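Novice: The following block contains the structure, expressed as structure tokens.
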Amino acid sequence: MNEIIREIEAAQLKENVGDFHVGDTVKVYGKIKEGNRERIQVFEGTVLKIQGGSSRATFTVRKVSNGVGVEKTWPMHSPNVEKVEVVRRGKVRRAKLNYLRDRVGKKAKVKELVR
């Protein structure tokens, strides 16, 4: 039974997911259906966490829009995620950045990783 599930999940995996990590500022190009039309909407923010594995992997992106924090969680291998583009690399020392939710202004910034 396990082997059958593993084969089904392997068929659903995307080949080019994008190379991003926690703390990076990314642009997520998500498909949105409005009636019978489909368009792409960009969501730009900081990656708070990446969790799960194989086809169940998800990532959460947070941005501040009109003074209100907005978080969205996407499945990595979803067909509704067109692409993930890294705007800038972040230098962080932990896997989950939940502490950013309580911070406002300059305190909510993540240092940029210079390579």
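Okay, residues lined up against (1) within 25 Å of Arg115 (Cα to Cα); (2) assigned to a loop (DSSP other than H, G, I, E, B); (3) in contact (Cβ under 8 Å) with a residue 24 or more places away in the chain:
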site	(1), (2), (3)
Gly23	yes, yes, yes
Lys33	no, no, no
Trp74	no, no, yes
Val84	yes, no, yes
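Novice: Would you be able to tell me the number of residues in the range 89-103 that are assigned to a loop (DSSP other than H, G, I, E, B) and in contact (Cβ under 8 Å) with a residue 40 or more places away in the chain?
Specialist: Count: 7.
Novice: While we're looking at this one, here's another question. Going through the range 5-24 one residue at a time, which ones are more than 17 Å from Gln51 (Cα to Cα) and either at pLDDT 90 or above or not aliphatic (A, V, I, L, M) (or both)?
Specialist: If the condition is that a residue be more than 17 Å from Gln51 (Cα to Cα) and either at pLDDT 90 or above or not aliphatic (A, V, I, L, M) (or both), then Arg6, Glu7, Gln12, Glu15, Asn16 are the ones that fit.
Novice: On the basis of being under 30 Å from Ala11 (Cα atoms), touching a strand residue (DSSP E or B) at 6+ places or on another chain (Cβ under 8 Å) and in a strand (DSSP E or B), does Val64 make the cut?
Specialist: So Val64 does not fit the description; no.
Novice: Separate question: For Val47, which of the numbered conditions (1) buried (at least 17 other Cβ atoms within 10 Å of the Cβ); (2) part of a loop (DSSP other than H, G, I, E, B); (3) of a type in the set (Val, Ile, Thr) fails to hold?
Specialist: Val47 satisfies all of (1) buried (at least 17 other Cβ atoms within 10 Å of the Cβ); (2) part of a loop (DSSP other than H, G, I, E, B); (3) of a type in the set (Val, Ile, Thr) except (2).
Novice: Looking at (1) within 14 Å of the chain's Cα centre (by Cα); (2) surrounded by 12 or more Cβ atoms within 10 Å (Cβ to Cβ), find the lone condition where Leu113 falls short.
Specialist: (1)
Novice: Right, another one. Sort out which residues of the range 67-98 are surrounded by fewer than 16 Cβ atoms within 10 Å (Cβ to Cβ), more than 20 Å from Glu38 (Cβ to Cβ) and in contact with a strand residue (DSSP E or B) (Cβ under 8 Å, 6 or more places away or on another chain), and write them in order of number.
Specialist: If the condition is that a residue be surrounded by fewer than 16 Cβ atoms within 10 Å (Cβ to Cβ), more than 20 Å from Glu38 (Cβ to Cβ) and in contact with a strand residue (DSSP E or B) (Cβ under 8 Å, 6 or more places away or on another chain), then Gly69, Val70, Glu71, Thr73, Val86, Val87, Arg88, Lys91, Ala95, Lys96, Asn98 are the ones that fit.
The values are calculated or read from the model by the stated rules, or taken from the named source; none is laboratory data. Here the structure is a predicted model, which is why all the values come from computation and not from measurement. Using ideal geometry, Cβ is built from the backbone for each residue, glycine included, and neighbour counts are taken over all protein chains shown.
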